[in-house]
Each structure stands twice: as C-alpha cells, then as structure tokens.
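Here is the structure we will look at, set down as structure tokens.
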Amino acid sequence: MSEEKPAKSPKKRPATQGLQEAPHYIGHRARLRERFSTTADALPDYELLELVLFRSIARGDVKGLAKALIARFGTFAEVVAAPPELLGEIKGVGPAIIHDLKLVEQAAKRVAIGAVKNRQVLGSYASVVEYCRTAMAFAEREEFRLLLLDKKNGLIGDEMMHRGTVDHTPVYPREIIRRALQLNASAVILVHNHPSGDPSPSRADIEMTNEIVSLAEPLGIVVHDHLIVGRKGHASFRAIGLL
C-alpha cells in the first residue's frame, strides 16, 4: 500500500493579480484643473482645449481628441473659430462639442469688444487690433468691417459691411462714406482680413483705401487707419506709411 502524499496548498496570487489597471486618465482632469488655476498662461493649446472638452464629454480621456483638433486646425484660436461643418468632420466631434467651442469663440469676441467700447479708441489702439484679430483673423472668407468714431474718437459703430470669397470681398467706397454720414461719424477705421494668413496689403487694397480717403476728406471725415488682419499678424496702413 503506497503512502498517501499530502495535498499541496494552493499558491498565493499576488495581491494585484486579477485587478484591472486603472486608466491613465484617472485623476488627470483634477490635475489639469489644478494646473489651470495656478499656471493658466503656461498651458499648451491642447490642454486648454481639453478643459473646454471636459464640459461636453463628462467622462473619459479627451486628450487625443484635443490633439486631433489642434493638428487639423493649428491653434486653440483656430479651433474655436473653425466653421461648424469642418469641426464636424473630426471623429468624436458632435453637436455638444461644436456648441461649446462656438460659445468660447463668442465669449472671446465679447471680451475683446468690451475692451474697445465706450473708450477713446486711439488711446487703446492695441485693444482695437486685438478685437479685430479676434473677430476676423481666422475667418474662412474675406470680410470688410467699418469702425465709426465720434469727435472724441469714441466708438459709435462697428459694422460688417461685406463678406466675400477666400481672396476677395467687394468694397464700395461711396457706401462707406454714406454710412459714416448716416451715423454722424467724424472718423473711421477700415478693417479687413486676409484668409491666406499674410496681412500684407495688395495693390487693390491700397487703391481702394486711397479712393475712400479722397471721398472722405472733403466731407471732414478722417480715415485714421486701414487694418489688415490675418493668422500671421496684422498690417496698419498708418504704421507702414500708406496713410
């Protein structure tokens, strides 16, 4: 009769065996919010965009989506200014995300115009440039805007006069002067954008500006400047000696 062998005791499993590793993004939202509260200006564009996407996507990792949007459009500003139909082409972007991005865009425009309204425009010219860039620099088509000023150079009107194509917008100098007279404006600032990104004035831009000046001067209306804004910066006719 063979001797019975004692039964082997089962091997102990490591305490972590059988447990799923926590997703890498657990705690990421809290950490990113904390960093924003202390060093907001230091956040790269994709992380700032993540914070916006937290509103639309309640749980999960949004870093990949934020990076995809930056890769497609270029910068945070260009993402929020992108047309809804182009945003919708990005996988994972639905109506809620588009709504929140457009909300950010509109908020930025309101903040920028708030720095200009009810102020002496020429005394806060940097704010005027920033407002124009916020409102127009990333538009897909050319736009022509007219800023109308009173005798104290306060802003009394901000009007989008025309929208055109990717490289041209029709401008009618007599219509510009007529509108200035209707609002009793003493001065105007002409503004348009170059969707190509390069704000350098074209020959057509220069000729159109000269025509508006020639019509305005006899009526006592001053053309303070013509600003061209684009992704790569802005050009001031006054600063470069064209006015």
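Any read-out appearing in this document is the output of simple, stated calculations on the displayed coordinates, not a laboratory observation. Note that this is a predicted model, so its numbers are computed, not measured. All Cβ positions, even for glycine, are placed from backbone atoms using ideal geometry, and neighbour counts span all protein chains on display.
Remarks
- Under the simplified labelling scheme, the residue 151-residue 174 pair shows an inter-label distance of 3.0 nm, with each label point 7 Å from Cα along Cα→Cβ.
- Helical runs assigned H by DSSP (4 residues or longer) give the chain a calculated mean residue ellipticity at 222 nm of -12500 deg cm²/dmol, each run adding -39500 (n - 2.57) before division by the residue total.
- Under a 5 Å amide H cut-off, with hydrogens placed 1.01 Å from N, residue 156 pairs with 148, 149, 150 among residues at least 5 apart or on other chains.
- Virtual spin-label span in nm between residue 160 and residue 204, 7 Å along Cα→Cβ: 2.0 nm
- Loop trypsin sites (Lys or Arg not before Pro), the range 39-111 (other Cβ atoms within 10 Å of the site Cβ: 13 or fewer; DSSP): 59, 91
- Exposed-loop-free span, longest in the chain, where GluC sites (Glu not before Pro) count as exposed if DSSP calls them loop and at most 16 other C-beta atoms lie within 10 Å: 141-243
- Binned Cα-Cα distances of the range 61-197, short to long, each 10 Å bin given as a whole percent: 11, 35, 32, 16, 6, 1
- For the range 121-236, radius of gyration divided by Kirkwood radius, i.e. Rg to Rh on alpha-carbons: 0.94
- Taking 240, 212, 206 and counting other C-beta atoms within 10 Å, the order from fewest to most: 240, 206, 212
- Charge sum, other residues only, whose C-beta stays under 10 Å from residue 46's C-beta, Lys/Arg counted +1 and Asp/Glu -1: -1
- Convex hull volume per residue, computed on the Cα atoms of the range 28-111, equals 90 Å³.
- Here the contact order of the chain, divided by its residue count and restricted to Cα pairs under 8 Å and six or more residues apart, works out to 13 percent.
- Amide H contacts under 5 Å for residue 231, placed H, 5+ residues apart: 197
- Amide H to amide H, with H built 1.01 Å from N, residue 225 comes under 5 Å of 190, counting only residues 5 or more places away or on other chains.
- For the chain, DSSP calls about 70 percent of its internal beta bridges antiparallel.
- Here the gap between residue 140 and residue 242, fully extended at 0.36 nm per residue and compared with their Cα-Cα distance, gives a gain of 34.1 nm.
- Counting only DSSP beta bridges with both residues in the range 121-236, the antiparallel share comes to about 70 percent.
- Using the Cβ of residue 32 as centre and a radius below 12 Å, the other residues enclosed give a net charge of +1, where K and R count +1 and D and E count -1.
- log10 of Debye I(q)/I(0), alpha-carbon scatterers only, for the chain at 0.08, 0.09, 0.16 Å⁻¹: -0.43, -0.52, -1.13
- Ranked 161, 136, 208, criterion: other C-beta atoms within 10 Å, fewest first: 161, 208, 136
- 3J(HN,Hα) from dihedral phi, the range 217-223, Karplus parametrisation 6.51/-1.76/1.60, rounded to Hz, x for glycine, proline: 4, x, 9, x, 9, 9, 9
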